[in-house]
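Each value in this text was obtained by applying a stated rule to the coordinates, not by laboratory testing. Everything numeric here is computed off the predicted structure, so don't read it as measured data. As a convention, Cβ positions derive from the backbone with ideal geometry for all residues, glycine included, and neighbour counts pool all protein chains shown.
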Amino acid sequence: MISEHILMDEGKQKELAVAFYLAPVVLGVKPASLLAFWSVELKEYEAVTSRLGIQSVILDEYHGKSYVLFYDRELLLRTMESSGSKEVLKMFGYEGTQLEPLIHRVSLRLQKCHRRKEAEFPHEIGIMLGYPHLDVLGYIKHHGKEALYDGYWKVYDDVAKAKEIFLQYDIAKKVLLQYVITHSLHEKKVERQ
């Protein structure tokens, strides 16, 4: 028997991919996601993502790839304003809580990382992606090793809380994938919860 996903057209496959990776942001359980697209395909994906009710910004274009931050503006602002987030971001030279300068700074750090081999990846972007600040600090301190648990991110502090969040992400993916299977992201704008 031929698998159904093989029979889907390329547009539907793109919709499913977008739904899978962006569902937690689209449904308001995650402030942001960072995705990389082949730059030649970016316009095709923009046609799919434009109806999701979230914002996006290209952080970098390098070696034929576009690195795009998709975000829920209100949730991202609340995330960035928490005391732990502010503390981590300040350690890396981020100032204030206005969103555009913060995004611009992480964009510059990502560009520097891609173009200069000695520049370190801006792991503080984990704050924007909704990772708890203690897990971001733990990842940096331990160089990505010695995690207590490994899921959507490496957990260094509260495993039980992280597992709850991971479950919320899984549920969001299931809900949005089911929606995309029965509808099209091109038909109408996705209603946010």
Using the number of other C-beta atoms within 10 angstrom as an exposure proxy, rank LYS173, LYS90, LYS43, LYS30 with the fewest first. LYS43, LYS90, LYS173, LYS30
Å³ per residue enclosed by the Cα convex hull of region 82-164: 99
Over the chain, equivalent-ellipsoid semi-axes from the Cα gyration tensor in Å: 29, 20, 17
The extension gain from ASP9 to GLU74, computed as 0.36 nm times the residue separation minus the Cα-Cα distance, is 20.0 nm
Cut-off under 5 Å, modelled amide H: who pairs with TYR62 long-range: TYR67
GluC sites (Glu not before Pro) in region 100-148 lying in a DSSP loop, each with at most 11 other Cβ atoms within 10 Å of its Cβ, come to GLU118, GLU120, GLU146
Residue order, fewest to most beta carbons within 10 Å, for ARG105, ARG116, ARG73: ARG116, ARG73, ARG105
Once the Cα gyration tensor of region 21-86 is diagonalised, what are the square roots of 5 times its eigenvalues, in whole Å and ordered largest first, as equivalent ellipsoid semi-axes? 23, 14, 8
With label points built 7 Å along Cα→Cβ from the Cα atoms of LYS163 and HIS143, find their separation and express it in nm. 3.0
Given a Förster distance of 35 Å, report the FRET efficiency between PHE121 and VAL175 from their Cβ-Cβ distance, rounded to the nearest 0.05. 0.65
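Cut-off is 10 Å between beta-carbons; in what order do ILE181, ILE165 appear when sorted fewest neighbours first?
Fewest to most other Cβ atoms nearby, the residues stand as ILE181, ILE165.
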Give me a comma-separated list of calculated 3J(HN,Hα) values for region 45-61, in order, Karplus coefficients 6.51, -1.76, 1.60 applied at θ = phi - 60°, integers in Hz, x for any Gly or Pro. 6, 4, 4, 7, 6, 4, 9, 8, x, 10, 9, 8, 8, 7, 7, 6, 10
Taking Cα atoms only, helix 10-26 is inclined relative to the longest principal axis of the chain by an angle, in degrees rounded to 10, of 40
Report the extension gain between MET91 and GLN55 in nm, rounded to one decimal, defined as 0.36 nm multiplied by the number of residues separating them, less their alpha carbon distance. 10.3 nm
Run the helix sum for the chain: -39,500 (n - 2.57) per DSSP H stretch of 4+ residues, divided by residue count, reported at 222 nm to the nearest 500 deg cm²/dmol. -16000 deg cm²/dmol
How far, in nm, would the chain grow between GLU46 and LEU134 when pulled straight, counting 0.36 nm per residue and subtracting the alpha carbon separation? 28.3 nm
Search the structure for amide H atoms under 5 Å from the amide H of VAL155, placed 1.01 Å from N in the peptide plane, and list their residues when 5 or more places away or on another chain. LEU148, TYR149, ASP150
List, in order, the whole-Hz ³J(HN,Hα) value for each residue of region 95-112 obtained from phi through the Karplus relation with A = 6.51, B = -1.76, C = 1.60 and θ = phi - 60°; use x for Gly and Pro. 10, x, 10, 6, 5, 4, x, 5, 5, 4, 5, 5, 4, 4, 5, 5, 4, 4
